[in-house]
Amino acid sequence: MLWHEMLIDFLIAWALKAVHATTTRLLIQLFPIRELLYICLFKIQNLKRLIAKRTLKEFWEKHPDCEQYLKTWYDIAWRADWRSPNDIKETFASASIIANNRVIFNIRGNNYRLVVKFNYERQWAFIRFIGTHAEYDKIDATTI
């Protein structure tokens, strides 16, 4: 069984416990719940996912001077529809495109560096690193 089928079965079981048995039978007759949940799930899968926002928050709590810059970056990235590195460059001209679908963003006038790995097809962004320029110089951004 695939993960999304397991999730759907769980949601159906949960929904059935939440309503009266008579109501449940009526709902099942009126609506094909499994199909409806599949549709909802696949719509959800197409939404953008920005992974590790908590990482940004923890960083700006230690470096409050970059908080607004990171929040702005996050808001822009969340709303963006980047399908290729060129799309990112249109939004952030100073971003550096490197190997392995990674992009380096300069934060707060290049005082900080943010490395993000993208899956353009699924619209996922994985925050791989955030740090000072000196900390960035110690890592390999293509593999982190």
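Tabulated results
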{"item": "Full-extension gain in nm, residue 100 to residue 132, via 0.36 nm per residue minus C-alpha separation", "result": "9.3 nm"}
{"item": "Projected label distance in nm at residue 78 and residue 93, using a 7 Å step from Cα toward the beta-carbon", "result": "2.7"}
{"item": "Projected label distance in nm at residue 55 and residue 139, using a 7 Å step from Cα toward the beta-carbon", "result": "0.6"}
{"item": "Relative contact order, percent, the stretch 65-144 [alpha-carbon distance under 8 Å, six or more residues apart]", "result": "22"}
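Read-outs throughout are calculated quantities, based only on the coordinates presented, and are distinct from any laboratory measurement. This structure is a prediction, so every number in the text was calculated from the model and none was measured. As a convention, Cβ positions derive from the backbone with ideal geometry for all residues, glycine included, and neighbour counts pool all protein chains shown.
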